[in-house]
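One structure is given here, and the rest of the page talks about it.
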Amino acid sequence: MGLIKEFREFALKGNMVDMAVGIIIGGAFGGIVQSLIKDVIMPIVGIAGTADFTNRYFPLNAKAAEAIEALEVSSGAPVSLETARTLGPVMAYGSFITVFINFMILAFVIFIMIKVMNNAKKKFEKEVVEAPKPPPETPEDVMLLRQIRDALTAR
């Protein structure tokens, strides 16, 4: 029974629950950012030129290069990365470029969100009015002087 009790205490700690909530929200946020990248930003980038780099590759040996070139000539269209991989070894640098661009956009969006949150937090902290501190306690010597004063005025 001790093992089950220890596991329950571990699983229900505040930090563990907070982490689980953060992971779930992070997954949902990732979907939003991926949609932003795919549906909003990349079409704008596509206006300037080709936005889809996934089919960019470089054949790694002469046999693959010849097979790819022969297929392109016969079909009259560029060979997809998937087909090129079946013809021989290729370096798929386009996939890396796409993932890198997505990462940079995601990192920038997260940076902007954290910046906005920090600014909002600072503004909120400024708005919170601190309760006035009670006046410091009167020192004992001042209290004695007051008593002497009050006794002299009473005479």
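Over all distinct Cα pairs, what is the inverse of the mean 1/r for segment 6-155, reported as the Kirkwood hydrodynamic radius in Å?
Every distinct Cα pair counted, the radius reaches 22.9 Å.
Can you tell me how much longer the chain between T86 and N102 gets when fully stretched, taken as 0.36 nm per residue apart minus their C-alpha distance, in nm with one decimal?
Between T86 and N102, full extension yields an extra 3.1 nm.
Between K133 and A20, what length in nm is gained on full extension when 0.36 nm per residue of separation is reduced by their alpha carbon distance?
Extra length available between K133 and A20 comes to 36.7 nm.
Between L36 and L12, what's the calculated FRET efficiency when r is the beta-carbon distance and R0 is 35 Å? Round to 0.05.
0.50
Once you've got the GNM for the chain with C-alpha springs shorter than 10 Å, pick whichever of T83, T54, T138 has the biggest mean-square fluctuation.
Highest fluctuation of the listed residues: T138.
Using Cα pairs closer than 8 Å and at least 6 residues apart in sequence, work out the relative contact order for segment 1-121, in percent.
26 percent
In the Gaussian network model of the chain, springs joining C-alpha atoms below 10 Å, which of A11, A107, A20 carries the largest mean-square fluctuation?
With Cα springs under 10 Å in the chain, the top fluctuation among A11, A107, A20 is at A11.
Could you check the simple spin-label distance between A77 and A65, using points 7 Å along Cα→Cβ, in nm with one decimal?
2.6 nm
For K115, go through the lysines and keep the ones whose alpha-carbon is under 26 Å away, minus same-chain ones fewer than eight residues off.
K38, K123, K126
Per residue of the chain, what 222 nm ellipticity follows from adding -39500 (n - 2.57) for every DSSP H run with n ≥ 4, rounded to the nearest 500?
Result for the chain: -23500 deg cm²/dmol, rounded to the nearest 500.
We did not get these values from a lab; they are worked out from the coordinates using the rules stated. What you are looking at is a predicted structure, and each value in this text was computed from that prediction instead of being measured. Cβ atoms come from the backbone with ideal geometry, glycine included; neighbour counts cover every protein chain shown.
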